[in-house]
Amino acid sequence: MNNSNIAFIIFTLNEEKRIEYPVRNFVKYGEVIILDGGSTDKTGEIAQKYGAKFLQRPNMGTMCGETQEMLNFVLANTDKKWFFWQYVDDLAPRSLLEKMTKISKQNKYKKVIVPLYTYLWGKTKFPALKGSVGCFFERGSVDFSNNKIHQMGRFLGKKEEILYLPICDKYAIRHFSLYNISKFATNHLAYAEAEAEQKYVSGKKYSIIKMFAAMLRYFWLFYKNNWKNGAVGFMAALAYSYFRLLTYFRLYEKEKGITLEMIESQFVVEKKKIIDSLA
């Protein structure tokens, strides 16, 4: 193990075909910690072969892995000062890894907002989405309590202690999002359920205006770069727009108490009328 003060956190579940790449990517620059959700394949064997620490993570009980319980678990299993918190889909270029190494040795910044390039449907010439994520932070600088899905908690420092890296090839994480439409529909229905529940619990109300605004926003986000990928780019943008539709539709159903049982009870009234008309 080198003398780096960075821990690279990677979430896995049955990732024997992909785990080699992030471990080999990060292991020379710090401690690689695999937080596994109960893999039954060779994920652990392969991860440890390439030098990672393999741990069975706490039961998340949610689509969100960024919980305070999870963060406390990580803190208890490493003495590293800095954390790069991502998933098995993600790789980093050498220029970013060297930049993070330098940042981890200074005292001015406590959190870094890192550019993120997302690739979809096997298309790697042009990113489908260019964004940023606050996934590199110092020990004790973030709080994941009451964190929401797809967010990185609450920063406990000052604004001037956050470093924003420019969105460019040099510093961008490459996120290889492994979806075909079947997996996308299944996974994003679960994401929609989780997000709708968060909105419902927090008191947010369904709005047709907000729904269409969210759909249009996601279509634009995933098409303004992704159009270069042709038909796949267009359909992927539609798929992410549909994901927002699902989220708001589930919020509407929760507000109105719409369940399969309730729907069937309403159908039964009409079914009885039809049956009674035969008497």
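Every number here is computed from the coordinates shown, using simple stated rules; none is lab data. Computed from a predicted structure; not experimentally measured. All Cβ positions, even for glycine, are placed from backbone atoms using ideal geometry, and neighbour counts span all protein chains on display.
Quick look at the numbers
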item: Region 180-262 - convex hull of the alpha-carbon atoms, volume per residue in Å³; result: 94 Å³
item: Cα centre as origin, Lys/Arg/Asp/Glu Cβ charges: the chain dipole, Debye; result: 1120 debye
item: Where trypsin sites (Lys or Arg not before Pro) fall in DSSP loop in region 88-134, at most 15 other Cβ within 10 Å; result: Lys105, Lys108, Lys125
item: Amide H contacts of Ile173 (H built 1.01 Å from N, under 5 Å, at least 5 apart or other chain); result: Leu116, Tyr117
item: Among the listed pairs Lys210/Lys271; Lys80/Lys148; Lys99/Lys125; Lys148/Lys183; Lys80/Lys108, those beyond 27 Å (Cα-Cα); result: Lys210/Lys271
item: Angstrom value of the Kirkwood radius, inverse mean 1/r, which spans all Cα pairs in region 138-279; result: 18.9 Å
item: Those chymotrypsin sites (Phe, Trp or Tyr not before Pro) in region 63-159 that DSSP places in a loop and that have at most 12 other beta carbons within 10 Å; result: none
